[in-house]
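Here's the structure we're looking at; comments come further down.
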Amino acid sequence: MPHQSLCVIIPVLNEERMIGPLAEALFPVLEGTGLDWSVLFVDDGSTDGTMAGIRALAAGNPRVKALSFSRNFGKEQAMAAGLRAADADAVILMDADLQHPPAAIPAFVAQWKAGAQIVYGQRGNREADSFMRRATSDAFHAVYGAMAGGRLPRGIVDFVLLDRAAVAAMNRLDERARFTKGMFAWIGFRAAVVPFDSPDRLIGETRFNYLKLLRFALDGIASFSTLPLRMWTYIGGTISLLALIYAAYFLIKTLLFHTDVPGFPSIIVSIMFFSGVQLLSLGIIGEYVGRIFEEVKRRPLYIVAETVGMEAPAEIAPDKAPDA
Ligand code: UDP
Ligand code: MG
């Protein structure tokens, strides 16, 4: 495998004020690696001047490329688009807000040259996050680890280098509910880790609120584990067994002694408890059925509306579409 070209993929959503500072910090570092570098912005349906900024940047620099979605499809989709469009010997995925410091890139490249095929950035400091965000993130990792087999390296974020083979493997995973971190771990390959410290977001706010993070966490668990579905077999089995024992107890009690009719509260409590359990299990089945529905529709992951500095994909250049 050659180690000559490197493409940095950056998903952007309404980051107009970040484009300048990002280019200023990133480009000299890439120049310093001595590689044939390029930067691919994936605009995830920004509604501000992000694309104008990128076009201006690309006008003066042929190493800058971009593709722009027709609307906001989400960061996971933007990363998928970048991985499909890049054709360098290695790619790096990073955020636009400089929370993934460009200064760490030479360490990624060194690990790659030393033979790693996936290099994970691992956040050392987490002081930049709120207590709540840290607590919910820890809780998620604990649940995910228990259910999906604990294959997710701790503290890794979407700051990752992938070599050609790993990118090709990622591009074969065509699912709609995308939990990219889990997918990195799933494809395997020789991995290495680069620790880095993440500063505060320089400009603007995080684009992820707790509801978005919860949906993402459910995606992560549902796409890598069927335990939430299967566990009802055991829960249901245990409850039925307990009910049988209870029934036997009543039978014997009635035969030996006499029938009495107390226990109204316990009936109400058990009805409410077991209808709760049933609704919960139905809801979990619903989570999976909903995802199956999303998958079988086989819609494209994203729609590209514009490209800068690169060839337009088939969907916006219909004359180039392959014959069906
Ligand atoms: N982003 C995106 N689409 C989205 C949300 C975010 O492309 O729907 C980009 C955003 O522009 C940034 C990166 O993903 O480059 C990380 O976003 P953010 O900093 O808001 O996330 P956090 O650092 O809080 O995880
Ligand atoms: Mg950020």
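The values are calculated or read from the model by the stated rules, or taken from the named source; none is laboratory data. Since this is a predicted model, take the numbers as computed values, not measurements. All Cβ positions, glycine included, derive from the backbone under ideal geometry; neighbour counts span all protein chains shown. In case anyone asks, the SASA skips ligands and DNA or RNA and just uses the protein heavy atoms, side chains included. Shrake-Rupley method; radii C 1.70, N 1.55, O 1.52, S 1.80 Å.
Sequence-ordered 3J(HN,Hα) estimates for segment 40-45 from the Karplus curve with 6.51, -1.76 and 1.60 and θ = phi - 60° stand at 10, 7, 10, 7, 8, x Hz, glycine and proline given as x.
Here's the picture: a label point sits 7 Å out from the Cα of Leu229 along the beta-carbon direction, and within segment 269-312 the residues with their amide nitrogen under 12 Å of it are 284-293. With Cα atoms as the point set, segment 131-175 shows a radius of gyration and Dmax of 13.6, 38 Å. Report the extension gain between Asp129 and Asp48 in nm, rounded to one decimal, defined as 0.36 nm multiplied by the number of residues separating them, less their alpha carbon distance. The Asp129-Asp48 span can extend by a further 26.6 nm.
Extending 7 Å from Cα along the Cβ direction at Glu295 and again at Ile271 yields two label points whose distance is 3.9 nm.
Normalising the average separation of contacting C-alpha pairs (under 8 angstrom, six or more residues apart) by the number of residues puts the relative contact order of the chain at 22 percent.
Computing Rg and the Kirkwood Rh from the Cα coordinates of segment 35-119 gives a ratio, Rg/Rh, of 0.97. Between the exposed loop cleavage positions of the chain, defined as GluC sites (Glu not before Pro) in a non-H, G, I, E, B DSSP state with at most 12 neighbouring beta-carbon atoms within 10 angstrom, the longest gap is 1-126.
Accessible surface computed residue by residue for the chain, with neighbouring protein chains in place and a 1.4 Å probe, gives 54 Å² per residue. For Trp37, the amide hydrogen comes within under 5 Å of the amide hydrogens of Leu6, counting only partners 5 or more places away or on other chains and with H modelled in the peptide plane. Across segment 265-279, coupling constants 3J(HN,Hα) worked out from phi with the 6.51/-1.76/1.60 Karplus curve, θ = phi - 60°, read x, 5, 5, 4, 4, 6, 4, 5, 4, 6, 5, x, 4, 5, 5 Hz, and Gly and Pro carry x. Normalised Debye scattering of the chain at q = 0.15 Å⁻¹ gives log10 I(q)/I(0) of -1.30, counting only Cα atoms as equal scatterers and leaving out solvent. Over the residues of the chain, the helix contribution to mean residue ellipticity at 222 nm works out to -16500 deg cm²/dmol, using -39500 (n - 2.57) for each DSSP H run of at least 4. In straight-distance terms, cross-link reach from Lys181 covers every one of the lysines whose alpha-carbon lies under 19 Å from its own, apart from those fewer than eight places away in the same chain; here that gives Lys75, Lys212. Look at the alpha carbon pairs under 8 Å that are at least 6 residues apart: their mean separation over the length of segment 100-228 gives a relative contact order of 41 percent. When the square roots of the Cα gyration tensor eigenvalues are ordered a ≥ b ≥ c, the ratio a/c for segment 191-307 is 1.5 or more and a/b exceeds b/c, which makes its shape prolate.
Report in % the part of the accessible area of segment 49-124 that belongs to carbon and sulfur, leaving out ligands and nucleic acids; probe 1.4 Å. Of all accessible area on segment 49-124, carbon and sulfur atoms account for 50 percent. With a simple spin-label model that places each label point 7 Å from the Cα along the Cα-to-Cβ direction, the separation between Leu173 and Ala56 comes to 3.7 nm.
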